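What follows is a single structure, written as structure tokens, with notes after it.
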Amino acid sequence: MVWKSKSPPQIEAKSSIFSQLLPLVILLVIVAGGAFVGYQIYLSVNKIRDTAEQRMAKKNVVFTKDGLKVGVKHVEQESYVDATQNWVVKAWNYGSSAPPAVKRK
């Protein structure tokens, strides 16, 4: 066929390196963003935990591996005994049948 139209040869477009690496770059950006957000959450949780421990330590509450330990406020033995003896003396005085002696000057 002599009158056959001659069309220019079709050129196949080869994909460039950029178009091949673009999905990988997008994936790495998304993973890096997720890692950043996760790290910030981790830092926030640790900070909250540390402040909670400090507040609880002020109230004599300590977290250990065995569990929660609650400390008792220090009460001096002498003041405890004095308060107890004072209560007993008052009860004794109020319980006696005789009125207390009046001191005369």
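The values are calculated or read from the model by the stated rules, or taken from the named source; none is laboratory data. These figures come from a predicted structure and were not determined experimentally. These area figures cover heavy atoms from the full protein model, side chains too; ligands, DNA and RNA do not enter into them. Shrake-Rupley method; radii C 1.70, N 1.55, O 1.52, S 1.80 Å.
Laid out as a table, the results:
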{"quantity": "Per-residue HN-Hα couplings for segment 87-92 [Karplus 6.51, -1.76, 1.60; θ = phi - 60°; Hz; x = Gly/Pro]", "calculated": "5, 5, 5, 5, 5, 5"}
{"quantity": "53, 76, ranked by accessible area, largest first (probe 1.4 Å)", "calculated": "76, 53"}
